[in-house]
Amino acid sequence: MINKQPQLMDVTRMRDILIPHLSQIREHIFMNSELAMVRGDSTVFSLLMRQKPPFTINDHRLGIIMNGEAEITINLQDRHLTSGTLVYIGPGTIIHPQRLSSDLRIFGMGLFSNFPMPFAQGQMPSVFNGQVRDFQLSANEEDIATATHIMDAIWQTVHATDDYHRPTVTALVAAQMHHYDQLFHRQTDQLASSRSREQTIFDRFLQLVTQHCAEQHQIGYYAERMCLTERYLTTVIRQTSGTTAKDWIDRALITRIKIELRHTDKPAAQIADEMHFANPSFFSKYFRRITGMTPGEYKSIS
């Protein structure tokens, strides 16, 4: 369990950490105010690990695990990442690296908040528009090769001149984001096609709950979004998972509340308001009923 408030690992913090070691890692990183890239060497990650995670980010980061493995807690979920994995972590993600193998090699990039995103309003690939906070894809050799070629083209372009050609870089970034988006939806579609209608309904329900639990606590909202009756949705969720739909909503909501309590300085009253509870008293009673402790008691756990 993560027990301390995460540090914001933004461009300024990363520059402060890495610049003193530039002579050692110069061949493996690129960084300016818009974009950062890392290629290969695990020294960069060792330097970041010394900062005592967990960390949180406020930007988009895409990577390819080229070699080795890593055990990382991402948004409170334990992940085992191995060679051949494509990784995306987005704004608001909380990252807690647990173990990085000595032969870990990652080829990746971070698109900082002022990076000129190459998409018109509403045209960003859907997986990057805030619906999905993070994902990891086990890709085949061809898809990894495509991602690597695009990343390599970006790497070569930013190193070609001191003032790299921004239109070329943004176009290549767009290509990489479209590639990740396509693979994400292909994997999602493949999983859906191999499952029963009931399992597909359950998966869609969990996806919606993950996205909207903070503001929507009632089963009726999800049934309406899925064009199902509340009774039918309730029945399917119980038959498929052995747990009620309300329990799944509560689990997601409590997880979100725990993140806010443990990793921000927000008072419970503010969290209650942001999570659409009627008042702080009801929020506290709800949290205590499910967890056995008050929000304040949970926040004070070290």
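A few notes on this one:
- Amide H contacts under 5 Å for residue 214, placed H, 5+ residues apart: none
- Here the Karplus curve 6.51 cos²θ - 1.76 cosθ + 1.60, taken at θ = phi - 60°, turns the phi angles of segment 175-184 into couplings of 4, 5, 5, 5, 5, 4, 4, 4, 5, 4 Hz, with x standing for Gly and Pro.
- Cα-Cα P(r), segment 1-117, percent of pairs per 5 Å interval: 2, 12, 22, 27, 23, 12, 2, 0
- The trypsin sites (Lys or Arg not before Pro) of segment 1-80 that meet both conditions, a loop assignment by DSSP and at most 13 other Cβ atoms within 10 Å of the site Cβ, are 4, 50.
- Per residue of the chain, the DSSP helices (runs of n ≥ 4 H) give a summed -39500 (n - 2.57) that works out to -15000 deg cm²/dmol at 222 nm.
- Charge dipole (the chain, unit charges on Cβ, about Cα centre) - positive-most of 97, 276, 75: 276
- DSSP beta bridges confined to segment 1-144 are antiparallel in about 95 percent of cases.
- Phi-derived couplings, Karplus 6.51 cos²θ - 1.76 cosθ + 1.60 at θ = phi - 60°, listed residue by residue for segment 149-157: 4, 5, 4, 5, 5, 5, 4, 5, 5 Hz, with x used for Gly and Pro.
- Residues of segment 169-302: accessible area per residue with a 1.4 Å probe, Å²: 53
- In Hz, Karplus ³J(HN,Hα) per residue of segment 257-269 (6.51, -1.76, 1.60; θ = phi - 60°; x = Gly, Pro): 5, 4, 4, 5, 5, 8, 10, 9, 9, 5, x, 4, 5
- Accessible area per residue in Å² at 1.4 Å probe, computed on segment 21-107: 43
- Net charge of neighbours whose Cβ lies under 10 Å from the Cβ of residue 114, counting Lys and Arg as +1 and Asp and Glu as -1: -2
- The accessible surface of the chain, taken with every protein chain in place and a 1.4 Å probe, is 49 percent carbon and sulfur.
- Taking the charge dipole of segment 103-177 about its Cα centre, with +1 at Lys and Arg Cβ atoms and -1 at Asp and Glu Cβ atoms, the residue from 151, 137, 127 reaching farthest to the positive side is 127.
- In this structure, the amide hydrogen of residue 79, modeled 1.01 Å from its nitrogen in the peptide plane, lies closer than 5 angstrom to those of 72, 73, 74, counting only residues at least 5 positions away or on a different chain.
- Rounded if a/c under 1.5, otherwise prolate or oblate - segment 193-245, Cα gyration tensor axes: prolate
The values are calculated or read from the model by the stated rules, or taken from the named source; none is laboratory data. Source: prediction; values computed, not measured. No Cβ is skipped: glycine too gets one built from the backbone with ideal geometry, and neighbour counts run over all protein chains shown. All accessible areas refer to the heavy atoms of the entire protein, side chains included, with ligands and DNA or RNA removed. Shrake-Rupley method; radii C 1.70, N 1.55, O 1.52, S 1.80 Å.
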